[in-house]
Amino acid sequence: MNTVVQNLVDRLRRRQVAGSFRVALETAKVHAIIVRGSRWTDAADLAASIAVKGALLQAAQPVELAATNITNRVIGLIREEERNLIADSGAASFNRDDLKNNVIDAIKEMTDEIENSVANISSQALEHIHSNEIIMTLGMDAAVERFLKEAAKLRKFQVIVAETAPSYSGQQMALSLSQSNIDVTLISDASIFAVMSRVNKVILGTHAVLANGGLVAPTGSNIIAAAAKHYATPVVVLTELYKLSQEYPFDVDAFGVPMSPDAIVGFAEIDADVVEGIDVVNPAYDFVVPDLVTLFITNM
Amino acid sequence: MPPKDKDKDKEKVQVDEVLAAVIVADSFNRRFMPLTLDRPRCLLPLANVPIIEYTLEFLAAAGVQEVYVVCCAHSDLIKSYLKNSRWAAKPNTSSQIKVVPIVSQQLKSTGDALRDLDAQQLLKSDFILVSGDIVANMDLPRALEEHRTRRNTDKNAIMTMVVKAATPKQRSRAKGEEGIYVLDPASNECVQYRSLFPRKSKLKLDLDLFKSHPELQVRNDLIDCQIDICSVDVPALFTENFDYQDIRKHFVRGILESDILGKQIHYHILTDTYAARVRSTQMYDSISKDVMARWTYPMVPDTNIYAASTYSIRSPQIYTEAGVILAYTAVLQRNVVVGDKTEVGENSRIVDSVIGRGCKIGKNVRISGSYIWDGAIIGDDCIVERSILADNVVLLNGVVVEKGSILSFGVRVGPKFTVKEFTRLSAKKAHDNSGESSNDEDGMDNEAEDDDPTYDQAVVGVEGKGYSWEDRLSADDEDDEDDQVNHLRLLDVCAMARDVNLHDIIDENADEDSESEDDLSEIDQLERSHRELISTIERAFEENHTIDNLALELNTLKFADNLEFHDIRLTALPSVLSLVTDGKTLSTVVKRWGALLQRFAQDAEDQVDLLRILVEHCERPGNEEHAKLFVKVLMAFYEADICTEDGIFAWFKKQDVGRMKDAAQPFIKWLEEAEEESDDDEDSN
C-alpha cells in the first residue's frame with residue numbers, strides 16, 4: 001500500500017507525472033487501490049486514510065492541485081455511498097463489502113468522467129465559435145485542441161497561436177490544428193499584444209482554477225489575458241471539473257514552479273560571468289487574476 | 001518437462017534484465033581534507049543534502065533497480081547512513097530500487113573497486129558506473145538506449161562515457177582536470193583521450209586513425225561527467241590489467257591505445273541537461289550554486305528529495321525551511337538556502353550561501369559565498385567569505401574568515417580573530433606519521449586522537465580550539481607525474497576561490513597565480529634542456545670531440561626540445577668561457593672551440609645576440625675574471641672570425657651604456673680605424 005503511494009509521490013516529485021489530467025487519473029488509481037486493499041472498518045475510517053494519503057501526494061508537488069481535488073472527490077463519494085447504503089437498508093449498519101464495491105464503482109465512474117471531460121467540453125464548441133472569427137490561443141492544451149477541431153468541422157475560422165517559449169508547445173498546437181485543416185497562424189510571444197486588436201476571442205486552457213477564479217496556467221497566459229483585457233477581447237477558459245481547486249492564492253508566486261533555466265539559455269553556452277551575475281528564471285506557470293477571465297467552460 | 005522450464009526461465013531473465021548501477025563511494029584523493037577525516041565525501045552536505053542522496057535519486061529517477069555502493073574509507077558511516085535512509089532495502093517502503101552496500105577495506109582506486117566487483121560476480125548485464133558524488137538530472141535512459149543499440153550490433157563497444165559541452169569559462173569545469181577528446185562524430189566513438197595536464201603543446205594522432213575515421217573532432221570543450229555506462233566486460237578488463245587504477249587515465253587510455261583488444265569506447269554528449277561531479281572544493285562551490293539556480297531541477301531544495309525537509313522557494317532563489325527564524329532586519333539577499341531551526345540575528349546579511357539546520361547567526365554578520373553546515377554558531381560582527389564551515393563550528397564574536405578557508409567539524413575560533421585566506425583548520429591534529437602513506441582523502445588514520453588540549457592560539461585565537469591542517473601528502477607521494485600532482489595540489493588549495501567572478505580582484509590574482517605557475521613549468525622545461533645542452537658540451541670538452549660532431553649533437557637536442565639557436569648560444573658561450581682562466585688560455589681555447597660558436601653565429605644578428613650573452617655572462621657576479629678579459633675575448637672572437645666587424649658594430653650600437661661598453665670603446669675605435677685604413681687602401685688601389 002505504502003509502496004503504491006510512495007511510488008506516486010516519487011514520480012510527482014520528479015515531475016515524471018505532471019499535468020492535471022495525468023495527476024487526476026493516477027491519484028484516482030491510488031485511491032481505488034487503497035479502498036480495495038487497505039484495512040478499514042467503516043466509512044469514516046476509510047475517508048480518514050484517503051485524506052492522509054491524499055495529503056502526502058499533495059505535499060509531494062504542491063502545484064499539482066488536482067491531487068487534492070480528486071482526494072476530496074473520493075472522500076465525498078465515500079460519504080455519499082454510505083448515505084445511500086443507509087437509506088437503502090434503512091439501518092445504520094451495512095455490509096463493509098457493499099460499501100467497498102460501491103465506492104470502487106463510483107471511483108470508476110469518476111475516472112470515466114475525467115477521461116471524457118475533454119469530449120464533453122468540446123461538444124459545446126459550436127455555441128462559442130462562430131464563422132470567420134479570429135481566435136487566439138497558446139500552449140498545447142488537450143481541451144482547447146479538441147474544442148477548436150470540433151468547431152472546425154462545421155465552421156470556418158482563423159486561429160492565431162502564440163509559440164509559447166521556451167517550451168514551444170504552441171508550435172505543436174499549430175501543427176496539430178493545421179493537420180485538421182484549420183487556418184493557423186503561428187506568432188511569437190512578443191507579438192501577442194500587437195496582434196490582439198484583430199482577435200475576436202481568446203480561448204485558453206489552464207492547469208488549475210483556484211478558489212477566487214484565478215488561473216494557474218502555462219507561462220504566457222497572463223500576457224495574453226492582460227492584452228485581451230486592453231482590447232476588451234473576451235477570454236474564454238476551458239477547464240475540466242477536476243481542475244477546480246478550493247485553494248486560495250494567498251501567495252501567487254507559490255504556483256510559479258521555476259524550472260531549470262536550461263530551456264532559456266543552454267548550460268553549454270553560458271560563461272561563468274553570466275551565471276554569477278544573472279538569475280535566469282523559467283517558471284512553468286503564470287498566475288492569472290480572476291478579472292481577466294470572461295468565461296469558464298466546463299464539462300458539466 | 002524440466003528442461004523446457006529452464007529455457008523459459010532463461011528467456012525471462014533476458015527479457016527483464018535488471019538495470020544495475022555501481023556507486024564508488026570513495027574519492028581516493030584528499031581534496032576535502034580535513035573535512036573527510038570525519039565523514040566521507042559522499043555524505044558531506046551539498047545544499048544541506050548529503051551528496052550521495054543526489055546520486056541515488058538520479059539513479060532511481062532513471063529507473064535503476066539495483067545499486068551497489070562500493071565503500072572503503074568510512075564504510076561503517078556509509079553503511080549506517082544507507083540503512084537509515086529511505087533507500088534501505090525494507091519491504092513496503094518507497095524503494096523500487098535495491099541499494100546494497102559492499103564494503104572492502106583494501107581499495108586504493110576505482111580500478112580496485114571494479115576488480116572487487118568482478119571477483120564477486122554481482123554484475124550480469126550492462127551497468128552504470130558513477131562515483132558517490134554525482135549531481136545530475138540527465139536523461140540516462142536515452143544514453144542507455146544508445147549504448148544498447150550500439151552493443152547489439154557491435155560487441156566491442158564496451159563503454160559509453162557521458163560528457164557535457166561547455167564553454168571554456170563555464171564554472172562547472174573542474175579546473176585542472178580537463179581532457180582532450182578525439183572523437184568520431186559519425187559513430188560517436190571516442191578515438192583518443194588525454195588529460196590536459198601535464199600540459200603538452202602537441203597532440204599526436206596516428207595516421208592510421210584517418211583510414212577508419214574519415215572525420216575526426218578534437219575537442220577540449222567537454223566536461224567529463226564521470227557517468228559511464230559499462231558492459232560486463234569492463235570489470236573483467238580491469239581484472240586482466242591489474243595495473244589500471246583510474247578509469248580515465250589508465251583504463252580509457254589503455255583500451256584506446258591497445259591494438260590487441262580491439263575494444264571501443266563511445267561517448268554521449270549532453271546538451272540540454274545537467275550532470276556534474278563534486279571533484280573538488282571548487283566544484284562543490286559551483287554545483288551548490290547550480291542547485292540554487294535550479295539547473296539541476298527537479299533536484300532543487302524545494303523539491304525536498306531528502307526525506308523530511310520542508311523547503312519552499314521565494315524570489316530571488318531564496319530557499320528556507322519552515323522553522324527558520326529571521327530577525328526583522330536580517331536580509332537574505334539572493335541564492336540562499338537556510339535550514340530548519342536556524343536563527344539569523346539583526347542586521348545580518350547573507351548572500352550566495354547555504355546555511356545548515358540549527359545554526360545560530362548573530363547580529364551584524366556578513367556571510368557571502370559560504371557553506372555553513374548544521375549546528376554552526378556564528379557570533380556577532382563576524383564576516384565569512386567563500387569558505388566552508390563544517391558542523392558545529394563556533395565563531396566567537398568579531399571573527400573574520402577570509403576566502404578559501406575550510407573549518408572542519410567542531411573547530412572554534414576567536415574572539416576578534418582573522419582566519420587568513422586558504423586556511424584549513426581541524427579540531428584534530430594533523431600528526432605526521434610518515435609511515436602511513438594512505439592516499440585516500442578518506443583515510444582512517446585518525447584513531448590516535450591527541451589528548452593535548454593546547455591549541456595553537458596563533459591559528460585559532462585566544463579562546464579557539466583547533467589546529468592548522470597541512471597536507472602531509474608531499475613527503476610520501478611517489479607519483480612519477482610530479483608536475484601534475486603539484487599542479488593539482490595547487491588547485492586544491494585555492495580551489496574555493498577559483499570560481500570566476502569578474503568583480504573580484506582577488507580572484508584575478510588567483511588566476512595570475514595559475515598563469516605564473518604555468519610559466520614556471522615552462523621555465524623548468526627550458527632549464528632542463530639547458531642543463532642537457534651544457535652537459536653535452538662539457539662531455540665534448542672532456543672527450544675532445546670534433547666540432548662537427550658536437551654541433552650535430554647540439555642540433556639534435558635543439559630539435560628534440562624545440563629550442564632556438566639562442567638557447568644553444570646561451571649555453572655554449574659560458575661553457576666555452578669556463579675553460580678560460582687567464583689571457584694565455586684564452587687564445588688556445590678560442591682556437592680549439594671557437595669554431596663551435598662560429599657555427600651558431602652565422603650572420604650579424606646572431607653575433608649581436610652572442611655578444612650580448614657574453615656581456616651578460618661577464619656582468620654576472622662570480623665571473624669577474626672574465627669581465628677583466630672582456631676586451632681580449634672580443635678581440636679573440638674578431639681574430640677567430642667568430643664575429644665580423646659588422647656584427648661587432650651592430651652590437652656596439654645596440655648595447656646599453658655600461659662598464660662593458662666603456663671597456664669595448666678603445667677596441668671599437670681601433671676597429672673603425674682599421675676599417676677606414678683598409679677602405680683607404682682599397683681607395684688608393
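The values are calculated or read from the model by the stated rules, or taken from the named source; none is laboratory data. For clarity, every value in this text was computed on a predicted model and none was experimentally measured. Neighbour counts are summed over all protein chains in view; Cβ atoms, including those assigned to glycine, are modelled from backbone coordinates with ideal geometry.
Among the residues of segment B:359-377, are any within 14 Å of chain A (Cβ to nearest Cβ), crowded, with 19+ Cβ neighbours inside 10 Å and at negative phi? No, the conditions are met nowhere in segment B:359-377. Apart from one condition, residue A:291 fits all of (1) away from every other protein chain (no Cβ under 14 Å); (2) over 18 Å from the mean Cα position of the chain (by Cα); (3) surrounded by 21 or more Cβ atoms within 10 Å (Cβ to Cβ); the exception is (3). The criterion of at least 3 residues that are closer than 21 Å to residue B:154 by Cβ is met by the following strands (runs of 3 or more DSSP E) wholly inside segment B:176-262: B:179-184, B:189-195, B:222-230.
Counting only helices (runs of 4 or more DSSP H) that sit wholly inside segment A:6-107, those with at least 1 residues that are closer than 21 Å to residue B:310 by Cα are A:43-60, A:66-89.
Filtering segment B:395-413 to residues that are surrounded by fewer than 23 Cβ atoms within 10 Å (Cβ to Cβ) and without any contact (Cβ under 8 Å) to a residue 60 or more places away in the chain leaves B:397, B:398, B:400, B:402, B:410, B:412.
So how many residues does segment B:290-330 have that are within 27 Å of residue A:266 (Cβ to Cβ) and not charged (D, E, K, R)? Step through it out loud before you land on a result.
As a first pass, look at segment B:290-330 and keep what is within 27 Å of residue A:266 (Cβ to Cβ): B:290-303, B:305, B:311, B:313-319.
Narrowing further to those that are not charged (D, E, K, R): B:291-293, B:295-301, B:303, B:305, B:311, B:313, B:315-319.
The total comes to 19.
Within segment B:378-394, the residues that satisfy the criterion of being surrounded by fewer than 24 Cβ atoms within 10 Å (Cβ to Cβ) and in contact with a strand residue (DSSP E or B) (Cβ under 7 Å, 6 or more places away or on another chain) are B:379, B:383, B:385, B:394. The set of residues in segment B:69-86 that are buried (at least 24 other Cβ atoms within 10 Å of the Cβ) and under 23 Å from residue A:14 (Cβ atoms) contains only B:69.
A quick yes/no check of all residues on (1) surrounded by fewer than 23 Cβ atoms within 10 Å (Cβ to Cβ); (2) at pLDDT below 85; (3) within 14 Å of chain A (Cβ to nearest Cβ); (4) farther than 28 Å from residue B:319 by Cα:
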site	(1), (2), (3), (4)
B:36	no, yes, no, no
B:67	no, no, no, yes
B:90	yes, yes, yes, yes
B:139	yes, no, yes, no
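With respect to residue A:250, is the statement that it is surrounded by fewer than 16 Cβ atoms within 10 Å (Cβ to Cβ), at pLDDT below 90 and within 14 Å of chain B (Cβ to nearest Cβ) true? Taking the combined requirement at face value, the residue satisfies it.
Considering each residue of segment B:370-395, count those that are among the charged types (D, E, K, R), under 30 Å from the mean Cα position of the chain (by Cα) and in a loop (DSSP other than H, G, I, E, B), and give that number. Spell out how you get there, then give the answer.
Initially, segment B:370-395 is screened for residues among the charged types (D, E, K, R), giving B:374, B:380-381, B:385-386, B:391.
Subset that is under 30 Å from the mean Cα position of the chain (by Cα): B:374, B:385-386, B:391.
Narrowing the set further to residues that are in a loop (DSSP other than H, G, I, E, B) leaves B:374, B:386, B:391.
Total meeting the criteria: 3.
Scanning segment B:645-683 for residues that are β-branched (Val, Ile, Thr) and modelled with pLDDT under 80 yields one hit, B:657.
Note on segment A:34-50: residues that are surrounded by 15 or more Cβ atoms within 10 Å (Cβ to Cβ) and modelled with pLDDT of 90 or more total 6.
Scanning segment B:247-284 for residues that are within 11 Å of chain A (Cβ to nearest Cβ) and touching a strand residue (DSSP E or B) at 6+ places or on another chain (Cβ under 9 Å), we see that the one that is nearest to residue B:33 (Cα to Cα) is B:276. Within segment B:306-323, can one find any residue that is over 19 Å from residue B:54 (Cα atoms), out of contact with any strand residue (DSSP E or B) (no Cβ under 8 Å at 6 or more places or on another chain), within 10 Å of chain A (Cβ to nearest Cβ) and in a loop (DSSP other than H, G, I, E, B)? Yes: one or more hits. Could you please let me know if residue A:189 is within 15 Å of residue A:224 (Cβ to Cβ) and among the charged types (D, E, K, R)? Here the answer is yes, as residue A:189 does meet what is asked. Pairs are defined by a Cβ separation below 7 Å, a sequence spacing of at least 6 or placement on different chains, a first member in segment B:366-387 that is outside the structural domain of residue B:464 (by TED's automatic domain parsing) and over 20 Å from residue B:424 (Cβ atoms), and a second member that is small (Gly, Ala, Ser) and at pLDDT 90 or above; no pair meets this definition. Residue pairs whose Cβ atoms lie under 6 Å apart, separated by 6 or more positions or on different chains, with the first residue in segment B:627-651 and surrounded by 15 or more Cβ atoms within 10 Å (Cβ to Cβ) and the second among the β-branched types (Val, Ile, Thr) and not in a loop (DSSP other than H, G, I, E, B), are B:636/B:590; B:640/B:590; B:650/B:608; B:651/B:608.
One residue stands out among those in segment A:69-90 that are farther than 16 Å from residue A:33 by Cα and buried (at least 21 other Cβ atoms within 10 Å of the Cβ): the one that is nearest to the chain's Cα centre (by Cα), which is A:69. Of the set (1) in contact (Cβ under 8 Å) with a residue 60 or more places away in the chain; (2) surrounded by 17 or more Cβ atoms within 10 Å (Cβ to Cβ), all apply to residue A:182 but (1).
Restricting A:218, A:258 to residues that are free of Cβ contacts under 8 Å to residues at least 40 places away in the same chain and surrounded by 16 or more Cβ atoms within 10 Å (Cβ to Cβ) narrows the list to A:258.
This table checks each residue for (1) crowded, with 18+ Cβ neighbours inside 10 Å; (2) over 26 Å from residue A:288 (Cα atoms); (3) out of contact with any helix residue (DSSP H, G or I) (no Cβ under 6 Å at 6 or more places or on another chain); (4) touching a residue at least 60 places away in the same chain (Cβ under 8 Å).
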{"site": "A:113", "(1), (2), (3), (4)": "no, yes, yes, yes"}
{"site": "A:125", "(1), (2), (3), (4)": "yes, no, no, no"}
{"site": "A:194", "(1), (2), (3), (4)": "no, no, yes, no"}
{"site": "A:199", "(1), (2), (3), (4)": "yes, no, yes, yes"}
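Name every residue in segment B:396-407 that is assigned to a loop (DSSP other than H, G, I, E, B) and either more than 26 Å from the chain's Cα centre (by Cα) or at pLDDT 90 or above (or both), in order of residue number. If the condition is that a residue be assigned to a loop (DSSP other than H, G, I, E, B) and either more than 26 Å from the chain's Cα centre (by Cα) or at pLDDT 90 or above (or both), then B:396, B:397, B:398, B:399 are the ones that fit.
Exactly one residue out of B:267, B:297 is in contact (Cβ under 8 Å) with a residue 40 or more places away in the chain, of a type outside the set (Val, Ile, Thr) and in the same structural domain as residue B:187 (by TED's automatic domain parsing): that is B:267. Among the residues making up segment B:32-86, a single one is among the aromatic types (Phe, Trp, Tyr) and in contact with a Lys or Arg (Cβ under 8 Å, 6 or more places away or on another chain): B:32.
Quick one: which residue in A:28, A:24, A:48, A:43 is more than 18 Å from the chain's Cα centre (by Cα), away from chain B (no Cβ under 14 Å) and in contact (Cβ under 8 Å) with a residue 12 or more places away in the chain? Walk me through how you get there before you give the answer.
On the way: A:28 fails: more than 18 Å from the chain's Cα centre (by Cα); A:24 fails: more than 18 Å from the chain's Cα centre (by Cα); A:48 fails: in contact (Cβ under 8 Å) with a residue 12 or more places away in the chain.
After ruling out the rest, the residue left standing is A:43.
Residues of segment B:351-369 that are among the small types (Gly, Ala, Ser) and outside any loop (DSSP other than H, G, I, E, B): B:353, B:368.
Condition check for residue A:86 on (1) free of Cβ contacts under 8 Å to residues at least 12 places away in the same chain; (2) in contact with a helix residue (DSSP H, G or I) (Cβ under 9 Å, 6 or more places away or on another chain); (3) away from chain B (no Cβ under 14 Å): one failure, at (2).
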